[in-house]
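So the structure is just underneath, and the comments pick up after that.
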Amino acid sequence: MQGRKEEGIAQLRQGAVVMQRAGFVLRLEQYAQLAEAHGRSGQTAMGLQVLAEALEARDHSLECWYEAELHRLKGVMLLQDAAMLWNAAEACFHQALYTARRDHAKLLELRAAVSLSRLWQQQSKRDQAYTLLLEVYSWFTEGFDTQDLQEAKAQLEALVVNRC
């Protein structure tokens, strides 16, 4: 996040190795951080591989609270890798929405809604994008200074401008 991508990835990987050697199981959030770091550095294939490992690890554990974010990140990376993967990315965003709603994880639902609305905006489905995002964004009553809510607000504003 600070521009030192390779160094950050190396630190995340080193931390994962140390934890595993100590007998700890990686949490889904840790997999997500590593996958996102790979995606931000242009290493999409590696990011997708980490996400696949995370989803497999989720199948063998009781942890599922961060599952929605894994699906959302997979959709983002599929779009990053090739815009022709819109259908696969859209399916990931829908899975992320479903999972976040199932788990009552409003912040993760908001992230998934922002990602899906961006995709729909690119596909000229602005009305659907606006309706979805407004529904989720309207649930929040505080935290409007956070990055997630600021991104959602900016996306809503972009959709309003493009609707007119």
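The values are calculated or read from the model by the stated rules, or taken from the named source; none is laboratory data. Since we're looking at a predicted model, the values are computed, not measured. Please note: Cβ atoms are built from the backbone with ideal geometry, for glycine as well, and neighbour counts cover all protein chains shown.
A few points about this structure:
- Filtered by the rule that a residue be of a type in the set (Gly, Ala, Ser) and at pLDDT below 75, the range 16-32 gives Ala16, Gly23.
- Within the range 98-125, residues that are on the phi > 0 side of the Ramachandran plot reach no partner that is part of a loop (DSSP other than H, G, I, E, B) with beta carbons closer than 8 Å at six or more positions or on different chains.
Listed here are the residues, each with its yes/no results for (1) aromatic (Phe, Trp, Tyr); (2) free of Cβ contacts under 8 Å to residues at least 12 places away in the same chain.
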residue	(1), (2)
Glu7	no, yes
Leu12	no, no
Gly23	no, yes
Tyr31	yes, no
Leu34	no, no
His38	no, no
Leu51	no, no
Ala57	no, no
Cys64	no, no
